[in-house]
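Worksheet for the structure shown next.
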Amino acid sequence: MPYYKETIKKMLPKTYLRKYVAHEIYMALTHFKTLQPMMDKYVYNDGTTKVLMRLSGTIPVMFKDRSYNIPICLWVEDSYPQTAPICYVRPTPDMWIVTGKFISSDGEVKLPYLQEWKQGECDLVNLLQVMAATFGEFPPLCKQYPELQQASCWQQYHRQAEVLSMADGSLYLSLAREEGQQENETNC
(Lines give C-alpha, C1' and ligand atoms only; values in the text may rest on other atoms or scores of the structure.)
Protein backbone atom coordinates (compact mmCIF):
# COMPACT_ATOMS: atom_id res chain seq x y z
CA MET A 1 0.00 0.00 0.00
CA PRO A 2 1.60 3.29 -1.01
CA TYR A 3 1.70 5.91 1.69
CA TYR A 4 1.30 9.57 0.93
CA LYS A 5 2.53 12.49 2.98
CA GLU A 6 -0.96 13.48 4.14
CA THR A 7 -1.78 9.93 5.25
CA ILE A 8 1.47 9.73 7.22
CA LYS A 9 0.88 13.20 8.67
CA LYS A 10 -2.56 12.12 9.94
CA MET A 11 -0.98 9.11 11.66
CA LEU A 12 1.36 11.30 13.69
CA PRO A 13 0.30 12.78 17.03
CA LYS A 14 0.44 16.55 17.36
CA THR A 15 3.58 16.32 19.53
CA TYR A 16 5.59 15.55 16.35
CA LEU A 17 6.72 18.15 13.82
CA ARG A 18 4.08 16.53 11.65
CA LYS A 19 4.75 18.13 8.27
CA TYR A 20 8.53 17.67 8.52
CA VAL A 21 8.40 14.11 9.92
CA ALA A 22 5.75 13.06 7.40
CA HIS A 23 7.99 14.31 4.57
CA GLU A 24 11.03 12.46 5.99
CA ILE A 25 9.09 9.21 6.33
CA TYR A 26 7.58 9.60 2.86
CA MET A 27 11.09 10.05 1.39
CA ALA A 28 12.35 6.98 3.26
CA LEU A 29 9.40 4.93 1.95
CA THR A 30 10.11 6.18 -1.57
CA HIS A 31 13.68 4.80 -1.41
CA PHE A 32 12.97 1.73 0.75
CA LYS A 33 9.63 0.42 -0.47
CA THR A 34 9.35 -2.55 1.92
CA LEU A 35 9.20 -0.33 5.00
CA GLN A 36 5.80 0.14 6.63
CA PRO A 37 4.93 3.07 8.93
CA MET A 38 2.67 2.64 11.94
CA MET A 39 2.13 4.04 15.39
CA ASP A 40 3.09 1.50 18.04
CA LYS A 41 4.02 1.24 21.71
CA TYR A 42 7.75 1.45 22.45
CA VAL A 43 9.10 0.24 25.80
CA TYR A 44 12.16 2.13 27.05
CA ASN A 45 14.91 0.46 29.11
CA ASP A 46 13.46 1.91 32.33
CA GLY A 47 10.08 0.24 31.60
CA THR A 48 8.20 3.38 30.57
CA THR A 49 6.17 3.16 27.38
CA LYS A 50 5.27 5.66 24.71
CA VAL A 51 3.40 5.48 21.42
CA LEU A 52 5.92 6.29 18.67
CA MET A 53 6.08 6.18 14.89
CA ARG A 54 7.62 2.89 13.81
CA LEU A 55 9.08 2.01 10.42
CA SER A 56 9.56 -1.72 10.01
CA GLY A 57 10.41 -3.93 7.08
CA THR A 58 13.57 -4.90 5.27
CA ILE A 59 16.44 -3.04 3.68
CA PRO A 60 18.50 -4.54 0.85
CA VAL A 61 22.12 -5.22 1.80
CA MET A 62 24.92 -6.32 -0.52
CA PHE A 63 27.23 -8.87 1.09
CA LYS A 64 29.89 -10.66 -0.98
CA ASP A 65 28.15 -9.61 -4.24
CA ARG A 66 24.79 -11.01 -3.12
CA SER A 67 21.71 -9.10 -2.01
CA TYR A 68 20.06 -9.91 1.33
CA ASN A 69 16.96 -8.36 2.90
CA ILE A 70 17.75 -7.44 6.49
CA PRO A 71 14.68 -6.96 8.72
CA ILE A 72 14.85 -3.71 10.67
CA CYS A 73 12.73 -1.51 12.88
CA LEU A 74 13.19 2.26 13.36
CA TRP A 75 11.42 4.11 16.14
CA VAL A 76 10.97 7.83 15.49
CA GLU A 77 10.46 9.79 18.69
CA ASP A 78 8.42 12.98 18.86
CA SER A 79 11.68 14.87 19.42
CA TYR A 80 12.82 13.93 15.88
CA PRO A 81 14.74 15.53 14.07
CA GLN A 82 16.58 16.82 17.17
CA THR A 83 17.21 13.22 18.24
CA ALA A 84 18.15 10.19 16.18
CA PRO A 85 15.70 7.34 15.67
CA ILE A 86 16.08 4.24 17.81
CA CYS A 87 17.09 1.42 15.45
CA TYR A 88 17.00 -2.36 15.73
CA VAL A 89 17.58 -5.35 13.50
CA ARG A 90 14.61 -7.69 13.85
CA PRO A 91 15.62 -11.33 13.39
CA THR A 92 13.01 -13.77 12.22
CA PRO A 93 12.57 -16.89 14.42
CA ASP A 94 15.14 -18.79 12.33
CA MET A 95 17.82 -16.06 12.64
CA TRP A 96 20.21 -14.98 15.34
CA ILE A 97 21.78 -11.62 16.04
CA VAL A 98 25.48 -11.32 15.27
CA THR A 99 26.65 -8.96 18.00
CA GLY A 100 29.61 -6.78 17.26
CA LYS A 101 30.88 -3.26 16.93
CA PHE A 102 27.55 -1.90 15.62
CA ILE A 103 24.94 -4.34 17.00
CA SER A 104 24.12 -5.02 20.66
CA SER A 105 22.91 -8.38 21.96
CA ASP A 106 19.27 -7.21 21.85
CA GLY A 107 19.64 -6.11 18.20
CA GLU A 108 19.97 -2.37 18.81
CA VAL A 109 21.95 -0.66 16.07
CA LYS A 110 24.84 1.45 17.46
CA LEU A 111 26.22 3.29 14.44
CA PRO A 112 28.43 6.38 14.76
CA TYR A 113 25.92 8.10 12.44
CA LEU A 114 23.29 7.72 15.19
CA GLN A 115 25.62 8.74 18.01
CA GLU A 116 26.75 11.86 16.13
CA TRP A 117 23.24 12.80 14.94
CA LYS A 118 22.88 16.46 13.96
CA GLN A 119 19.61 18.11 13.05
CA GLY A 120 19.75 19.48 9.52
CA GLU A 121 22.66 17.23 8.51
CA CYS A 122 21.19 13.80 9.21
CA ASP A 123 17.94 12.29 7.93
CA LEU A 124 16.09 8.97 7.63
CA VAL A 125 17.11 8.21 4.03
CA ASN A 126 20.81 8.74 4.78
CA LEU A 127 20.49 6.70 7.97
CA LEU A 128 18.99 3.78 6.06
CA GLN A 129 21.72 4.04 3.41
CA VAL A 130 24.41 4.05 6.11
CA MET A 131 22.79 1.01 7.74
CA ALA A 132 22.70 -0.86 4.41
CA ALA A 133 26.35 -0.05 3.67
CA THR A 134 27.51 -0.99 7.19
CA PHE A 135 25.51 -4.21 7.23
CA GLY A 136 27.16 -5.12 3.92
CA GLU A 137 30.52 -5.06 5.70
CA PHE A 138 29.32 -6.35 9.08
CA PRO A 139 26.21 -8.55 8.63
CA PRO A 140 24.01 -8.16 11.74
CA LEU A 141 22.02 -11.39 11.35
CA CYS A 142 22.58 -14.97 10.37
CA LYS A 143 20.36 -18.03 10.03
CA GLN A 144 20.54 -20.33 13.05
CA TYR A 145 20.61 -24.08 13.40
CA PRO A 146 19.99 -26.07 16.61
CA GLU A 147 23.49 -27.63 16.38
CA LEU A 148 25.10 -24.19 16.65
CA GLN A 149 23.14 -23.31 19.77
CA GLN A 150 24.62 -26.35 21.47
CA ALA A 151 28.24 -25.45 20.60
CA SER A 152 30.31 -23.99 23.39
CA CYS A 153 30.78 -20.24 23.64
CA TRP A 154 34.51 -20.69 23.00
CA GLN A 155 33.83 -22.59 19.76
CA GLN A 156 31.33 -20.02 18.54
CA TYR A 157 33.67 -17.14 19.37
CA HIS A 158 36.73 -18.62 17.65
CA ARG A 159 35.11 -19.66 14.38
CA GLN A 160 35.68 -17.84 11.11
CA ALA A 161 32.83 -17.42 8.66
CA GLU A 162 32.69 -18.03 4.92
CA VAL A 163 29.68 -17.57 2.62
CA LEU A 164 29.10 -20.52 0.30
CA SER A 165 26.28 -21.32 -2.10
CA MET A 166 24.20 -24.48 -2.29
CA ALA A 167 23.05 -26.26 -5.45
CA ASP A 168 19.61 -24.62 -5.27
CA GLY A 169 21.20 -21.14 -5.38
CA SER A 170 20.61 -20.29 -1.73
CA LEU A 171 23.51 -19.09 0.37
CA TYR A 172 24.79 -20.33 3.68
CA LEU A 173 27.42 -19.20 6.12
CA SER A 174 29.96 -21.90 6.84
CA LEU A 175 31.68 -21.66 10.18
CA ALA A 176 35.17 -23.12 10.07
CA ARG A 177 37.17 -24.54 12.95
CA GLU A 178 40.58 -23.12 13.75
CA GLU A 179 42.25 -25.98 11.87
CA GLY A 180 40.31 -24.95 8.75
CA GLN A 181 37.79 -27.82 8.85
CA GLN A 182 34.31 -26.65 8.01
CA GLU A 183 31.83 -27.31 10.77
CA ASN A 184 28.25 -26.13 11.18
CA GLU A 185 26.42 -24.26 8.47
CA THR A 186 24.15 -21.26 8.84
CA ASN A 187 21.85 -19.97 6.07
CA CYS A 188 21.96 -16.24 5.49
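Convex hull volume of the Cα atoms in the range 56-126, per residue, in Å³?
Details: hull volume 7.9 nm³, N = 71.
Given the Cα convex hull of the range 56-126, per-residue volume reads 111 Å³.
For a protection proxy built on the mean count of beta-carbon atoms within 10 angstrom, sort 104-110, 56-62 highest first, please. Walk me through the numbers before you get to the answer.
Numbers: 104-110: 14.3, 56-62: 16.9.
So the order, starting with the most tightly packed, is 56-62, 104-110.
In the P(r) worked out for the range 1-150, what percent of Cα pairs fall beyond 25 Å?
On the way: 3202 of 11175 pairs.
Summing the P(r) of the range 1-150 above 25 Å gives 29 percent of all pairs.
Tell me the accessible surface of residue 138 in square angstrom (1.4 angstrom probe, heavy atoms of protein chains only), to the nearest ten.
100 Å²
Amide H to amide H, which residues 5 or more places from residue 77 or on other chains are under 5 Å from it, using H placed in the peptide plane?
The answer is 86.
Could you sort 17-23, 40-46 so that the peptide with the highest average Cβ count within 10 Å comes first and the rest follow in order? Don't skip to the end; give the middle numbers.
Numbers: 17-23: 16.7, 40-46: 9.9.
Per-residue mean Cβ counts within 10 Å order the peptides as 17-23, 40-46.
What is the projected area of the convex hull of the Cα atoms of the range 29-81, averaged over all directions, in nm²? Don't skip to the end; give the middle numbers.
Details: hull surface 19.7 nm².
Result: a mean projected hull area of 4.9 nm².
Going through the range 47-88, which trypsin sites (Lys or Arg not before Pro) have at most 15 other Cβ atoms within 10 Å and a DSSP loop state?
Details: sites: 50, 54, 64, 66; in loops: 64.
Within the range 47-88, the qualifying trypsin sites (Lys or Arg not before Pro) (loop, at most 15 other Cβ atoms within 10 Å) are 64.
The values are calculated or read from the model by the stated rules, or taken from the named source; none is laboratory data. Here the structure is a predicted model, which means the values were calculated and not measured. Methodologically, a virtual Cβ is constructed for each residue, glycine included, from the backbone with ideal geometry; neighbour enumeration extends over all protein chains shown. In case anyone asks, the SASA skips ligands and DNA or RNA and just uses the protein heavy atoms, side chains included. Shrake-Rupley method; radii C 1.70, N 1.55, O 1.52, S 1.80 Å.
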